[in-house]
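Below: the structure, in structure tokens.
The values are calculated or read from the model by the stated rules, or taken from the named source; none is laboratory data. What you see is a predicted model, and the numbers here were worked out from it, not measured in a lab. No Cβ is skipped: glycine too gets one built from the backbone with ideal geometry, and neighbour counts run over all protein chains shown.
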Amino acid sequence: MEESFRPKDLKAKMMAMMILRVVIALVFLGITTWFQVKEYPSAQLNLYPLYAVVVVLGLLTILYALALKWVKNLGPFIYTQIAVDLLLITFIVYTTGAIESYLQILYFLSIIGATIMLGRSCGYYAASLSSIAYGVVIDADFYGMLPARFKVFMPGSLHVWEDALTTVSTNILAFFSVAYLAGYLAEKTKRYEKRLEAKEIDYEKLESLNRHIVENITSGIMTLDEHSRITSYNHAAVSITGFTLQDVYYKGVDEVFPGLLADVRGVAGIRLEKKVRKKGGGEMFLGLMVSHGRGGAASRIIIFQDLTELKAMEEQIDRAEKLKALGELSVGIAHEIRNPLASISGSIQLLKEQLALNDEDRTLMGIVLRETERLNALVTDFLVFARPARNERGTVNLSGVINETIQMFRNSPEAAGIEIESSLNNDIYVEGDGRQIGQVFWNIFLNSAQAMDHDGRLIVTSSFRTGYDGVKGTLLTRSASACKDYSFVGVKVVDTGRGIESDKIKKIFDPFYSTKPNGTGLGLAIAHRIVQSHGGTIEVRSRLGRGTVFKVILPAAAGMVH
């Protein structure tokens, strides 16, 4: 096996693997320290097993480097290193959660390294040891045969046998697939090296390999000719934008993506963020890098990624920061404004009763009292938005709350001329404050009624989903991994109003933003704040002239069955 490798080249590869081992150990140490200091400063995690792994890796690397000078037969020495590395990786996988761990990726690094050093047979050796070690640790953890005190994360995680079997089988298949592919690529690379040394390069096969690599890169890549026409478009670009190569080939980039390169003007190597339309009309944010190519069909190369979800997260963070600042100001504003308002209102009422006023003066005092009450209501709304009351929460019949709110809305002047339809599942329950949840839908109904101007239809429906797939794309207070164990209730409110401009949709939940002459800009902001405080989300979609859809998603009450 190893005879086909020159000792000098083999030693160079071993030194490279030792350096990589040290780098991985340092990265592992940094991440572990970061978890202890930043992520879980008070969680009392037992991270000492991971620190021990880093120390052992460092000592073994020093030992290997010293022994390398004296070892004559490098084959057994390399096989021993691989076996020891796999034992350490197995310990890391167990301490970081066994079946829940994401660090089984370290097996792949060891398999690839073994293949690079001694070829495909050594890769299969590493894949076989990895399969045995991973299978043993998963089985032992599943049956509780290993001490839990060494597990840093998820010490008590339990899984059904099907999950464990699927995980082990999938990873074993992946180990041997990586060994095969790495061996294939290593052998192919070696053949190309020999051809390069003999100056007999097969450029056509090399170009095919390059195309294969480009097609499997996760970032979108497209090339432009000197007339800014698209000349190539990889698979990731198709997945991101929805356009196929046939849709875009030899078309101007501005024809497919209007304004994409408006700010480039000959400058290359800069990073831009642009909003573009996907195939089908949806909008997305792209982060792109433009660089100069070799000319001809590749005069410019554009590499881009989808930043839509990242932008949504940034907006959530910005809104949370605003809410935090407003919450800190709310108590002071209440005392500083409400107390003078109460004094003004009381004084005016007393004067109105005691003084002999003519009709004009009485009217003026009535205006003062009404405006005082209006200002007090505005302060009250602001306080609800900035700091929702943490009343005693319990199990709430969501269908009942919404039906009561619909009934009140039907009898209000705002609902005049509006047809209301509701189709709600019976007996759907959430944990929360029924009064606050009712206020959420009251505010949404009012917003829809104002958009329809007493002529239209309001449709209210509900749905029930289990697991994270039911709320894909939303940003809940729970993580995606936690959401899989929860159920969610979605309530959709559809109106046939005039719709909302696309550039204004992002702002409708911002405090004091209103498109209405007499609006306070707090109705939807309060609705968003209350839903957020209940661990849910509120989404909106709208098109001018075609109405608006609000969707409120709330975690279902514990034990609720659809």
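At-a-glance table
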{"quantity": "Qualifying residue in region 374-393 (condition: surrounded by 11 or more Cβ atoms within 10 Å (Cβ to Cβ), assigned to a helix (DSSP H, G or I) and modelled with pLDDT of 80 or more)", "calculated": "no"}
{"quantity": "Residue, surrounded by the fewest Cβ atoms within 10 Å (Cβ to Cβ), within region 94-105, restricted to residues that are under 16 Å from residue 170 (Cα atoms) and touching a residue at least 24 places away in the same chain (Cβ under 8 Å)", "calculated": "100"}
{"quantity": "Out of 47, 57, sole residue that is assigned by TED's automatic domain parsing to the domain that holds residue 191, at pLDDT below 65 and surrounded by 14 or more Cβ atoms within 10 Å (Cβ to Cβ)", "calculated": "47"}
{"quantity": "Which listed residue, of 83, 25, is surrounded by fewer than 17 Cβ atoms within 10 Å (Cβ to Cβ), at pLDDT 65 or above and either of a type in the set (Val, Ile, Thr) or assigned by TED's automatic domain parsing to the domain that holds residue 190 (or both)", "calculated": "83"}
{"quantity": "Count - residues of region 214-231 that are closer than 26 Å to residue 309 by Cα and either more than 26 Å from the chain's Cα centre (by Cα) or part of a helix (DSSP H, G or I) (or both)", "calculated": "3"}
{"quantity": "Top-ranked residue in region 264-317 [being part of a loop (DSSP other than H, G, I, E, B) and surrounded by 12 or more Cβ atoms within 10 Å (Cβ to Cβ); ranked as modelled with the highest pLDDT]", "calculated": "307"}
